[in-house]
Every structure is written in C-alpha cells, then in structure tokens.
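Structure first, commentary second.
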Amino acid sequence: MFARAALSVLVAVGALAVGQKDARGAAAPRFYLRYSAPASCPEQSEWLRRLHEHSPHAEMAVASEAAPSLSVDLTEVPGGVQAVLSATDLDGDVTTRSLVGPTCREAVDASAWILAVWLDPAAAASPAPPASSTSPADAAPAAVPLNTTTPVAAATEQRQPIAVRADSAPPRERRAAGSNSVPRWGVGAELGTFFTALPALPFGAGGFLEAAWPRLGVLRPLVHVGGFATLGGTSDTARGDVRMRLASARLLGCALEWPVASPVTLHACASFELGSIRGQGENTYNPDEGTAIWRALGASARGRFAVARLMSLDAEAGLVFPLLRDRFVFAPNPVVSGYAIPAVGGTLSLGLTVHFSAH
C-alpha cells in the first residue's frame, strides 16, 4: 500500500510538471506565493523551508518581476488535512491539484515537494530531508524511482498514505481546451468618496459584478458593472445652503495587471459613469431643488490584496472628468452660484470582493 501511494504521488508530480521544464531553463526558479493554513498548521516560513529542501535555488520573486504564481490552501477535513494547490505560469495558464494528508505537517511536506517539482523538475531527484532536520515521525515518504523494483516495506513505521487527486489538465492541455476564454466571476461592495469635488467630501457606497479573464503576461482584462450613491454634502453661500448628492451607474474596465508583492496586485483602469447629480436649497427663502445629468470619464489604479483563496480587499484611487458641467444657483437676481461642477475631481474607495470560478 505504501509503495502504491508513493508511486501515485510521483505520477501526480510528473503530471503537474508537464510543460514546465522548457520555461525554467538553467536559471534559479522564482515565484510569487499565496499561503493559507489553519492556526494549528505550520506557517508560511516553514512551508518555504520545506520547498527549499527540494529546490535549494528557488527564490521568492520581487515586485513587478515576471514570475509564476503559486497558491497553497490548507483546510482541516475529516480524517486529515486537505491541501489545494494552484500554479499559474507566465502565460496565465493555471494548473491545480489537491491532496489529503493525515496531518498538517504531512500535507505541508507533500505540497511543498509537488510545487518544487513544478518550479524545478530537477527537484524530483532531490534527496529526502536529512534526519537532523526533522524527526522520523515527521519525515515525508522518500521518493521511489518509477524504474526500480526495490521494496519499501522495510520502513520502520506504517503511515496513512497521502492521496493526490488531479483536478485539472496540465497547462498545455488546458490551453488547447480554450481555458483563456473562460472568465472568473466576482461580486463586491465598496465604500469611499466617489467624487471628491462634491461639497464636504461626502461618503458613498457602491456595489458591482466582476468578470476577470486569465492573465497573459501583464495583460489581464477585468470588467466591473455596478453603481454607487453618495450622502449629501453642503455648500454655504450668502443666499443659503445647497446640499448636493450624486448617484450613478458605473462601468470600469482594467486591461493591465502587475504583481507588486505577493499577494498584492495592481491594475490600471478606465471608467464611464452615467447618472444624476441633485442639488437642494436649504436655509433660504422658498427652497427648491434641481437635478442634472451626470456623465463622466475616469482613470484610476486599483490595488488588490488577496486575503483568502476566494476573497480580496480592493483599493482604488483615480481622477474623474465630468462631461457635463452644470451649475446650481439661487435665483432670481442677484443670481448666486451654490455649486458648479468642476472640470476634474477624484475618486477614493475601499472594497471587498468575493470571487468564484466559472467552471
């Protein structure tokens, strides 16, 4: 049983590494990492130590460097700990695997080995960790070459085998199946100041639906469809006060994405807004209100921090350029301007997005 488990792990490792050796070359493999585990499991530093035991030259990538991305999610399940692994190469193709180990430490050992081989196929031939670095009870099963007939029944301790399941085809097979055309969906909410040129910087709230396509280098199309509404902000004049509110639908598109520092990415975006802006007179004789069409273009940068496998925190900052610049005035004579839409304003917001795959 133990030999069969070891062979199945090697087969899964080999499948995960298909198509990667031509991308690695002789250079030291570099990567971005997102690691998530229960409090009872080893921390990211321990996982990286295990990875380096199999691929000593593997290094974390630095900001804006073109490098593949690795994801490790450990979850406690009945009978052990499940590790869901994801590897995204420089072409944006994603390969996933999952395994279940009897303990957290065994799941960490196996997942570090599998992703080490994906980064560096030569790691498949690396020796097992020295006995001084870990106790026999914690040691991962040694790799058994596929062309050997040497029995492994002499192991001093029988362990529950680690089951490895292939959840997706290798990268080149996925490309042939047209995976780059399948978007990843999301739904989000955000709070902020959506037009800083409104009086008193009133806060607002918004929501959106998201579609994102797999990344190809720094190119990653992403689209938001949603809207927002602001609270009222008051402007004071000699004739009275005017209270301004803005509500608008919003279409935002991003074409470029840069990995800044795992797990942070930066997007360059443009937007179009269509809605209404309303002014209401207050503290004046015979107060009235007026509404004007709101149309604006925008350019912004969005930063994304992945806090979990299917959740991220988003921050956006940018400029808003109104296409219609109405004035809200007190009349009759003398006419006093209560508020005039300026040529440019800003947008600042923080949001939370929940992601889910389309397949």
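The values are calculated or read from the model by the stated rules, or taken from the named source; none is laboratory data. Given the structure is predicted, the values throughout are model-derived calculations rather than measurements. Using ideal geometry, Cβ is built from the backbone for each residue, glycine included, and neighbour counts are taken over all protein chains shown.
Any chance segment 323-345 includes a residue that's small (Gly, Ala, Ser) and modelled with pLDDT under 85? If you could, list the steps in order and put the result at the bottom.
Step one: of segment 323-345, the residues small (Gly, Ala, Ser) are 331, 337-338, 340, 343, 345.
Okay, now just the ones that are also modelled with pLDDT under 85, so 331.
Checking segment 323-345: at least one residue is small (Gly, Ala, Ser) and modelled with pLDDT under 85.
Residues in segment 173-194 that are touching a Phe, Trp or Tyr at 6+ places or on another chain (Cβ under 9 Å) and either crowded, with 18+ Cβ neighbours inside 10 Å or modelled with pLDDT of 95 or more (or both): 9 in all. Of all residues in segment 1-58, those satisfying the criterion of being touching a helix residue (DSSP H, G or I) at 6+ places or on another chain (Cβ under 8 Å), at pLDDT 65 or above and either not assigned by TED's automatic domain parsing to the domain that holds residue 107 or not in a helix (DSSP H, G or I) (or both) are 29, 31, 33, 35, 37, 38, 40, 41, 42, 55, 58.
Quick check on my filter: what residues within segment 83-107 are more than 27 Å from residue 213 (Cα to Cα), part of a strand (DSSP E or B) and of a type outside the set (Val, Ile, Thr)? Step through it out loud before you land on a result.
Applying the first criterion (more than 27 Å from residue 213 (Cα to Cα)) to segment 83-107 yields 100-107.
Of the ones still in play, those that are also part of a strand (DSSP E or B) are 100-101.
Within segment 83-107, just 101 meets the criteria.
Please find, among 217, 232, 240, the residue that is touching a strand residue (DSSP E or B) at 6+ places or on another chain (Cβ under 6 Å), at pLDDT below 95, on the phi > 0 side of the Ramachandran plot and surrounded by fewer than 19 Cβ atoms within 10 Å (Cβ to Cβ). Spell out the reasoning first.
On the way: 217 fails: touching a strand residue (DSSP E or B) at 6+ places or on another chain (Cβ under 6 Å); 232 fails: on the phi > 0 side of the Ramachandran plot.
Result: 240 is the single residue among 217, 232, 240 that is touching a strand residue (DSSP E or B) at 6+ places or on another chain (Cβ under 6 Å), at pLDDT below 95, on the phi > 0 side of the Ramachandran plot and surrounded by fewer than 19 Cβ atoms within 10 Å (Cβ to Cβ).
Quickly run through segment 310-359 and pick out the residues that are of a type in the set (Val, Ile, Thr), surrounded by 14 or more Cβ atoms within 10 Å (Cβ to Cβ) and under 39 Å from the mean Cα position of the chain (by Cα). I'd like the intermediate steps shown before the answer.
First, pick out the residues of segment 310-359 that are of a type in the set (Val, Ile, Thr): 320, 329, 335-336, 341, 344, 347, 353-354.
Subsequent filtering for residues that are surrounded by 14 or more Cβ atoms within 10 Å (Cβ to Cβ) retains 320, 329, 336, 341, 347, 353-354.
Answer for segment 310-359, where residues must be of a type in the set (Val, Ile, Thr), surrounded by 14 or more Cβ atoms within 10 Å (Cβ to Cβ) and under 39 Å from the mean Cα position of the chain (by Cα): 320, 341, 347, 353, 354.
The set of residues in segment 77-91 being more than 16 Å from residue 29 (Cα to Cα) and out of contact with any helix residue (DSSP H, G or I) (no Cβ under 8 Å at 6 or more places or on another chain) consists of 77, 78, 79, 84, 86.
Can you tell me how many residues within segment 204-253 are of a type in the set (D, E, K, R) and more than 18 Å from residue 300 (Cα to Cα)?
Residues of segment 204-253 of a type in the set (D, E, K, R): 210, 215, 220, 236, 239, 241, 243, 245, 250.
From what is left, the residues that are more than 18 Å from residue 300 (Cα to Cα) are 215, 236, 239, 241, 243, 245.
Of the residues in that region, 6 qualify.
Could you please find all residues in segment 284-299 being in contact with a Leu (Cβ under 7 Å, 6 or more places away or on another chain) and of a type in the set (Val, Ile, Thr)? Answer for segment 284-299, where residues must be in contact with a Leu (Cβ under 7 Å, 6 or more places away or on another chain) and of a type in the set (Val, Ile, Thr): just 293.
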